[in-house]
């Protein structure tokens, strides 16, 4: 608490005086903490997402994020290792994209070896005509294109498939989205190391076996969603299912396993 | 400064053109003919046919009676105008103002041009020499007025060049037809014995007006220079081109950027004035060692945004090698399209969104090439590889809707990969399959979904698709090619479900 106070006071001396004056009374305490929290968010360049797209139907997953809202206008990182998991990750990303783009948005899909099948996008509520695919030869070009695209305010979403990215490069992407408020999803397939990036969250998606005792056949897509890093949030894991109605949670009490909370201040 | 006009008469314009195209017709009598009231009537005659007595307006059958070896070609309507226009554009090297004079002549305003050829006679000689070298039969006339030059070209006898102020002398002995009159007037003049212009030139104007109308007087005035005659010069289409010479040879990148900005501003201003946008632009740098360095850009949609175009060029500026220095910059837009400014205003919001996106794609296209950008639309095929097609532009709309009833994999392999399977019974999904050395045991399966090969596009066997799930929950799209009847069918993996 004192540390936060100190940091804030460095920034705004008036706030500090106000905080010290009001800290005595317990009724003001929660209000004060909220106020300080907002200031910390401001310092950490976290912004409240726009209200129109705040509810992505993520349910409990959204609670892992600060303010219980999925951060748009930020870069998210997805890591996958095997082809089936890469497909599951793509599926989850497309499902998210469908919710983010809604009716009018457009999306850029930048990759080097794209295996995306455009007709499959319809299942996730996306008209593939609104997705522009850019197939590049080099990872370096992908990084450049993602950065340029993230600066373009008329896009809703940029999906980049690149395995290696350095911390500095991710900072550049973060600076780009702060200006434009575009959401970026990076899919890192088979990265050499899980190095730290300046991203809002790190996701890992794995496919789950369909487990219906009575019904035959393959059911809805099921994923094990692991949020292994969240800025200012609580990392956790869930099992979800994707149906036409959207994300459905599978017995959250049993599955959700709280991973240790990171201290962010 | 007194005006000087040149009139050029092409006696056999279209036939000369055909002889030029087909040299083998040089010694052959031929005519152009077109149907008129159910007969083929001669429209143009070449010199050899004319020498045999065939003239325009004659029926082709009569012409054939005179000269059985006469060749007849179909007359192309409007050909003379196109030829004259092309010739007039060519003549712009002799004067900035060149006009066509249908059906068979050109008029050039040679005022102030002839001294470049050191006189009027060398000027005409050079002009005619070149036209004759093309193969045209030409007769010139040069005078202070268009009317007089026209008359000298067609009816003059000796000297084609009339000295300044010599129209009266020159016209005196010419027939009335030299005044560009209609046949009714000329007939009436001839009937009255007025066979030379000199005979009625000095008559009282009121008497002439009463008998022959205002036209005769007006044509006479034009020929004598008492009435001004306007020309409609042919204008070549002005290219979207801007030049910027530099005082000293330029070598630095900053200077090149500055020149480019200047040129783009000028060009975009002109594009705005003409409601156009460019699709392609070429920036050329003329080096002092006579080598031209050029960079070019293309845009996804017509644009006249100088800042955006500069950004596109900026990526390529590094390719210019100034060496000893650049002395001239030229910016040209070879491809332009109409771009209305009203559209911008009315559809501001969506237009700006589209514009921004198009500009982003331009930047990507300039850096890595247009072929890397794809956008897909649904196509009416069930065969998975053909169920979508590439959109040609950013605006192209889908003609059909995407299918969503049947599950389709998120990842599709470009070429299906062969797998080893174990199947319990024909037409059942496999129990296990081996792909890239990994064994997958199948727990659940959906299918089959049979997709027939479209025989009108390609011959081949049908595919029976199964959506299968292994013990880890990974889902695959596998298919069997053909049936079990005659041979062991092959199994392939084609995609991965999310």
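The values are calculated or read from the model by the stated rules, or taken from the named source; none is laboratory data. The structure presented is a predicted model; accordingly, all values stated were derived computationally and were not measured. Glycine gets a Cβ as well: all are built from the backbone with ideal geometry, and neighbour counts include every protein chain shown.
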Q: Could you please find all residues in segment B:468-498 being over 15 Å from residue B:421 (Cα atoms) and either part of a strand (DSSP E or B) or within 9 Å of chain A (Cβ to nearest Cβ) (or both)?
A: B:471, B:472, B:473, B:474, B:475, B:495, B:496, B:497, B:498
Q) Which of the residues spanning segment A:59-89 are modelled with pLDDT under 90, out of contact with any helix residue (DSSP H, G or I) (no Cβ under 9 Å at 6 or more places or on another chain) and not in a helix (DSSP H, G or I)? A) A:65, A:71, A:82
Q: Search segment B:394-414 for residues being more than 9 Å from chain A (Cβ to nearest Cβ) and in contact with a strand residue (DSSP E or B) (Cβ under 9 Å, 6 or more places away or on another chain), and hand back the single one that is nearest to residue A:124 (Cα to Cα).
A: B:406
Q.
Only one of B:223, B:184 is closer than 26 Å to residue B:7 by Cα and in contact (Cβ under 8 Å) with a residue 40 or more places away in the chain. Can you tell me which?
A. B:223
(Q) Consider segment A:123-133. How many of its residues are facing chain B (nearest Cβ under 7 Å) and either touching a strand residue (DSSP E or B) at 6+ places or on another chain (Cβ under 7 Å) or modelled with pLDDT of 90 or more (or both)? (A) 4
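If you take just the strands (runs of 3 or more DSSP E) that sit entirely in segment B:272-388, which of them hold at least 3 residues that are surrounded by 15 or more Cβ atoms within 10 Å (Cβ to Cβ), modelled with pLDDT of 85 or more and more than 14 Å from chain A (Cβ to nearest Cβ)?
So the answer is B:276-287, B:292-303, B:326-338.
Being more than 30 Å from residue B:171 (Cβ to Cβ), exposed (fewer than 14 other Cβ atoms within 10 Å of the Cβ) and out of contact with any helix residue (DSSP H, G or I) (no Cβ under 8 Å at 6 or more places or on another chain): is that true of residue B:247 here? Break it down into steps so the answer makes sense when it comes.
Values: more than 30 Å from residue B:171 (Cβ to Cβ): yes; exposed (fewer than 14 other Cβ atoms within 10 Å of the Cβ): yes; out of contact with any helix residue (DSSP H, G or I) (no Cβ under 8 Å at 6 or more places or on another chain): yes.
Considered against the rule, which asks whether it is more than 30 Å from residue B:171 (Cβ to Cβ), exposed (fewer than 14 other Cβ atoms within 10 Å of the Cβ) and out of contact with any helix residue (DSSP H, G or I) (no Cβ under 8 Å at 6 or more places or on another chain), residue B:247 comes out as yes.
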Q | Per-region count, segment A:99-112, residues under 17 Å from residue B:364 (Cα atoms) and either at the interface with chain B (Cβ under 10 Å from one of its Cβ atoms) or assigned to a loop (DSSP other than H, G, I, E, B) (or both) | A | 5
Q) Quick check, is residue B:465 more than 9 Å from every other protein chain (Cβ to nearest Cβ), outside any loop (DSSP other than H, G, I, E, B), buried (at least 21 other Cβ atoms within 10 Å of the Cβ) and in contact with a strand residue (DSSP E or B) (Cβ under 8 Å, 6 or more places away or on another chain)? A) yes
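Being more than 48 Å from the chain's Cα centre (by Cα), surrounded by 16 or more Cβ atoms within 10 Å (Cβ to Cβ) and over 25 Å from residue B:119 (Cα atoms), is that true of even one residue in segment B:172-187?
So in segment B:172-187, the residues more than 48 Å from the chain's Cα centre (by Cα) come out as none.
Checked against the condition, which is being more than 48 Å from the chain's Cα centre (by Cα), surrounded by 16 or more Cβ atoms within 10 Å (Cβ to Cβ) and over 25 Å from residue B:119 (Cα atoms), segment B:172-187 yields no hits at all.
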Q) Looking at segment A:142-153, which of the residues that are within 7 Å of another protein chain (Cβ to nearest Cβ) and touching a strand residue (DSSP E or B) at 6+ places or on another chain (Cβ under 9 Å) is farthest from residue A:180 (Cα to Cα)? A) A:145
Q.
Testing residue A:118 on (1) touching a residue at least 12 places away in the same chain (Cβ under 8 Å); (2) surrounded by 16 or more Cβ atoms within 10 Å (Cβ to Cβ); (3) under 21 Å from the mean Cα position of the chain (by Cα); (4) within 12 Å of chain B (Cβ to nearest Cβ), one condition comes back false. Which one is that?
A. (3)
Q. Right, residue B:108: under 23 Å from residue B:20 (Cα atoms), crowded, with 20+ Cβ neighbours inside 10 Å, assigned by TED's automatic domain parsing to the domain that holds residue B:80 and at pLDDT 90 or above or not?
A. no
Q) How many residues are under 19 Å from the mean Cα position of the chain (by Cα) and outside any helix (DSSP H, G or I) when one looks only at segment A:132-151? A) 1
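Specify which of the listed residues (B:25, B:70, B:13) is surrounded by 14 or more Cβ atoms within 10 Å (Cβ to Cβ), farther than 29 Å from residue B:179 by Cβ and out of contact with any strand residue (DSSP E or B) (no Cβ under 7 Å at 6 or more places or on another chain).
Numbers: B:70 fails: out of contact with any strand residue (DSSP E or B) (no Cβ under 7 Å at 6 or more places or on another chain); B:13 fails: farther than 29 Å from residue B:179 by Cβ.
Selected residue: B:25, the only one of B:25, B:70, B:13 that is surrounded by 14 or more Cβ atoms within 10 Å (Cβ to Cβ), farther than 29 Å from residue B:179 by Cβ and out of contact with any strand residue (DSSP E or B) (no Cβ under 7 Å at 6 or more places or on another chain).
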